[in-house]
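I have placed the structure first, in the form of structure tokens, so that the comments after it can refer back to it.
The values are calculated or read from the model by the stated rules, or taken from the named source; none is laboratory data. Remember, it's a predicted structure, so these values are computed and weren't measured experimentally. Cβ: placed from backbone, ideal geometry, glycine included. Neighbour counts: every protein chain shown.
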Amino acid sequence: METVEEKKLIVTKIKEGTVIDRIPPGKALKVLHVLGINDNYPYTVALAMRVKSKKMQLKDIVKIKGKMLTSEESQKLSLIAPNAVVNIINDYKVEKKIVLEIPEQVSEIIKCLNPNCVTNNREPVFPSFSVISKEPLILQCKYCDRLLEGQNLSEQL
Amino acid sequence: MKFTKFIFSTLNLSREYLESIFSLASKIEQNPENYLNKCNGKILAILFFEPSTRTMLSFESAMLRLGGSILGFASGKTSSSAKGETIADTLRMINGYADIAVIRHYLEGVGEIAKKYSSIPVISGGTGTQAHPTQAMLDLYTIKKAFGKIDGLKIALMGDLKYGRTIPSLLYGLAKYDDVTLYLISPKELKIRSHVRQRLNGFNLKFYEIDDISQIIDELDVLYVTRIQKERFPDQLDYERLKSSYKISPETLNNVKDSFILLHPLPRVDEITPEVDSLPCAKYFEQAKNGVFVRMALILNLLGVE
Ligand SMILES: Nc1ncnc2c1ncn2[C@@H]1O[C@H](COP(=O)(O)OP(=O)(O)O)[C@@H](O)[C@H]1O
Ligand SMILES: [Mg+2]
Ligand SMILES: [Zn+2]
């Protein structure tokens, strides 16, 4: 399989936006999905999959003009692309770098699949999970104790 | 004695706390006359959104034997939850009517709602398939009474380990003791849920999941039988086949140890034949009676009564 090295990637610099670097190989499309970037997005989006990083490992990169991540989006991204680096670009420069880490707790962005869980029944409480394993990713509902993992989890990300 | 306010799980109860409840229950059992007026003027609210006989009656009996009063309802249909009231609102309302409450609900996670919305102590009287902590505590009390200890015992839980709400509560309670060996006996469709297994793995406890009791029955100190419900099986032929292999008769118990005891949370259907009832090892009716003492001890503890 032939891969391109990062330094050979020619992409126009963006003035303002977000570069998400060191995404696990193959996960870039999922990242765009989580960020709600679809074919109607009005600004430049550059995407590279399976490029060689400086460390010679494969990675994906996504560059999005005019986009700032919300905390909800960052939380979701940390679950699908742990250790990816979010670079906030301002005036063509990297203004801030955030390394995504899987949090200990996940709140509100994911629903419990147990229909008998209080979080699914009009009670004044919001879904909340503890991360009980990072690799593989396993969440546990703080209310009903059920586990959320594998496809049931990835379908919600 | 340490006081607590909410009992929705045995996971977060320490061995010391469990032991303090058991020793109070034992004192009550020996001298019930000393406790007749401990809860004078106090009201226990019974909020049973699902039907129950034993748990509800034994909570009622416990409060009445302490000199307190009771009020409440015994089916979601007769309460305003049928009109769509949330549990949170029901609890806030009952806070003005009673000093302590026991709630049985089919929804799971009710404990978190109680912690957030109730200013009075609340006890689970059974929570979905998630937990039944007071049943587990009376089970542990019964075992402790029979052996003088729980450490080091060989205990089997048999039947529906997936939907039986007492099972996780009993397992987390047993996990607080030392050197307990557990056998979990069930058809493969009714094994413990993955989150329960995951938690058991986090305890210093030996447990074996098997599907046949015959190889281990003679070594056991305790066999805890639960009901396998017909509705759990999509294929009724499977149910009929399994039913007979999870049935306890005097023959099953031919070679058990002298000190062996047989427990069941009741109601029993036909997983223990009536001929077993007269054997000295059959402790399930005594177990049900112990429920009153354990619940009296819990009510005293949660109300902060010495
Ligand atoms: N103005 C810009 N437009 C597009 N991409 C940029 C811009 N500035 C930096 N990047 C990209 O953001 C990522 C992080 O940049 P940098 O901090 O220089 O590198 P690194 O994190 O690899 O040390 C790199 O993939 C880089 O190509
Ligand atoms: Mg780089
Ligand atoms: Zn849940």
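Examine segment B:58-76 for a residue that is out of contact with any helix residue (DSSP H, G or I) (no Cβ under 7 Å at 6 or more places or on another chain), part of a loop (DSSP other than H, G, I, E, B) and modelled with pLDDT of 95 or more, and state whether such a residue exists. Yes, the conditions are met somewhere in segment B:58-76. Taking the stated definitions as given, is residue B:249 in contact with a helix residue (DSSP H, G or I) (Cβ under 7 Å, 6 or more places away or on another chain), touching a residue at least 24 places away in the same chain (Cβ under 8 Å) and among the hydroxyl-bearing types (Ser, Thr, Tyr)? Yes; evaluated as a whole, the condition is true for this residue.
Within segment A:146-154, not a single residue is more than 22 Å from residue A:27 (Cβ to Cβ), more than 16 Å from ligand 1 (Cβ to nearest atom) and polar (S, T, N, Q). Of the candidates B:65, B:15, the single residue that is buried (at least 19 other Cβ atoms within 10 Å of the Cβ), away from every other protein chain (no Cβ under 14 Å) and of a type in the set (Lys, Arg) is B:65. Here is the figure for segment A:34-49: residues that are without any contact (Cβ under 8 Å) to a residue 60 or more places away in the chain, away from ligand 1 (no atom under 13 Å from the Cβ) and touching a helix residue (DSSP H, G or I) at 6+ places or on another chain (Cβ under 9 Å) total 6. Report, by residue number, each residue of segment B:174-217 that is under 16 Å from residue B:246 (Cα atoms) and over 20 Å from the mean Cα position of the chain (by Cα). The answer is B:187, B:188, B:189, B:209, B:210, B:211, B:212, B:213, B:214, B:215, B:216, B:217. Annotation: of all residues in segment B:110-147 being more than 17 Å from the chain's Cα centre (by Cα) and within 14 Å of chain A (Cβ to nearest Cβ), the one that is farthest from ligand 2 (Cβ to nearest atom) is B:118. Does residue B:26 count as farther than 18 Å from residue B:127 by Cβ, of a type in the set (S, T, N, Q) and either without any contact (Cβ under 8 Å) to a residue 24 or more places away in the chain or in a helix (DSSP H, G or I) (or both)? So residue B:26 passes the test. Out of all the residues in segment A:81-103, is one or more within 16 Å of ligand 2 (Cβ to nearest atom), out of contact with any strand residue (DSSP E or B) (no Cβ under 7 Å at 6 or more places or on another chain) and more than 14 Å from every other protein chain (Cβ to nearest Cβ)? The answer is yes, given that some residue of segment A:81-103 is within 16 Å of ligand 2 (Cβ to nearest atom), out of contact with any strand residue (DSSP E or B) (no Cβ under 7 Å at 6 or more places or on another chain) and more than 14 Å from every other protein chain (Cβ to nearest Cβ). Kindly indicate whether residue B:54 is at pLDDT below 95, basic (Lys, Arg) and within 17 Å of residue B:134 (Cα to Cα). In short, yes.
Those residues that are surrounded by 14 or more Cβ atoms within 10 Å (Cβ to Cβ), within 25 Å of residue A:103 (Cβ to Cβ) and within 13 Å of ligand 1 (Cβ to nearest atom), I need them from segment A:64-91; list them, please. Passing the criteria: A:64, A:67, A:84, A:85, A:86, A:87, A:88, A:89. Name every residue in segment A:18-41 that is more than 12 Å from the chain's Cα centre (by Cα) and either more than 16 Å from ligand 2 (Cβ to nearest atom) or within 14 Å of another protein chain (Cβ to nearest Cβ) (or both), in order of residue number. Scanning segment A:18-41 gives A:26, A:37, A:38, A:39, A:40, A:41. Check segment B:96-104 and report whether any residue there is away from chain A (no Cβ under 14 Å), in contact with a Ser or Thr (Cβ under 8 Å, 6 or more places away or on another chain) and surrounded by fewer than 24 Cβ atoms within 10 Å (Cβ to Cβ). Within segment B:96-104 (the criterion being away from chain A (no Cβ under 14 Å), in contact with a Ser or Thr (Cβ under 8 Å, 6 or more places away or on another chain) and surrounded by fewer than 24 Cβ atoms within 10 Å (Cβ to Cβ)), the answer is no, since none of the residues qualifies.
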